[in-house]
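Scroll down for the structure; my scribbles are underneath it.
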Amino acid sequence: MGRAFEFRKARKLKRWGNMSRTFTRIGKEITIAAKAGGGDPDNNPRLRVLMQNAKAANMPKENVERAIKKATEKDAGDYKEIVYEGYAPHGVAIVVETATDNNQRTVANVRSYFNKFGGSLGTSGSLSFLFDHKSVFHIKPKEGVELEELELELIDFGVDDLEAEEEEWIAYGPFDQFAALQKYFEEGGYEITSAEFERIPTDYKEVTEEQRAAIEKLLEKFEDDEDVQNVYHNMKEPVEE
């Protein structure tokens, strides 16, 4: 629970802080899913859950429809999902997930951001040991089912963390069990409010306030890039007084 809670606290405020960026990110994911599996959510589980994510983010319906339509347009960009890894100053690990139709532009930008702020771009897979790649499902509690009961059911799917937060339950499972977990929840009558992949640090790096301020500038640069979908880091959040 500790690592997942720390991670969620770090990302919760940023996640929906910039609605236009959020809509762009989800829109690209929808386009990629629709291109890969078709535009009918009934026959495309990945698209179906992404539409739930869009709903949870209050993304307008017309934006969703436009993203699906874009997947079938002849002049639509062919997005490729590419992951970059590197270090910020002071040994903080950073993983940058991108969706781009121009890899040369994206890698040049990512490298320039690292260099400008005193970091370094690493090789693919070099930081995988510092993050657990997880399938994360937010579901509505089901009447007549206790949290502990569901936790036992999900052991077979490798779920190692199930938490109650406000009016939803959050399940953390292996990356490769996403489809199986989605099927289990849907067939079991659970309402999935959102579901996504997350990279949760296996350990956190302590930094000073001055160091944090410098690293935040680099993170903001990544967040502002339209090719960037998600940015993960292992910088420990400050303790709230």
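Some notes on this structure:
- Pairwise label distance in nanometres, D78 with A108, each label 7 Å out on the Cα-Cβ vector: 2.1
- Each peptide among 168-181, 135-148 gets the average number of other Cβ atoms lying within 10 Å of its residues, and from highest to lowest they stand as 168-181, 135-148.
- Cβ charges +1 (Lys, Arg) and -1 (Asp, Glu), total dipole of the stretch 98-235, debye: 1180
- Under the Karplus curve 6.51 cos²θ - 1.76 cosθ + 1.60, θ = phi - 60°, whole-Hz ³J(HN,Hα) for the stretch 109-123, x wherever Gly or Pro sits: 5, 4, 4, 5, 5, 4, 5, 5, 9, x, x, 8, 7, x, 8
- At 1.567 mPa s and 4 °C, Stokes D of the stretch 105-241 from Kirkwood alpha-carbon radius, µm² per second: 74
- Looking at the stretch 65-128, the GluC sites (Glu not before Pro) that sit in a DSSP loop and have at most 15 other Cβ atoms within 10 Å of their own Cβ are E73.
- Cβ-placed point charges (K, R +1; D, E -1), dipole of the chain about Cα centre in debye, nearest 20: 1300
- Relative contact order of the stretch 74-124, pairs being alpha-carbon contacts under 8 Å that are 6 or more residues apart, as %: 42
- Normalised by the number of residues in the stretch 66-176, the average gap of Cα pairs under 8 Å and 6 or more apart makes the relative contact order 21 percent.
- Within-13-Å neighbourhood charge of F185 [Cβ basis; K, R +1; D, E -1]: -1
- Charge dipole (the chain, unit charges on Cβ, about Cα centre) - positive-most of G39, V64, A108: A108
- Debye intensity ratio in log₁₀ form over the Cα atoms of the chain, taken at each q of 0.09, 0.11, 0.16 Å⁻¹: -0.41, -0.62, -1.28
- Per residue accessible area of the chain, 1.4 Å probe, in Å²: 54
The values are calculated or read from the model by the stated rules, or taken from the named source; none is laboratory data. Predicted model only: the values in this text are computed from it and were never measured. We place every Cβ from the backbone using ideal geometry, glycine too, and count neighbours over all the protein chains shown. Accessible surface areas use protein heavy atoms only, side chains included; no ligands, DNA or RNA. Shrake-Rupley method; radii C 1.70, N 1.55, O 1.52, S 1.80 Å.
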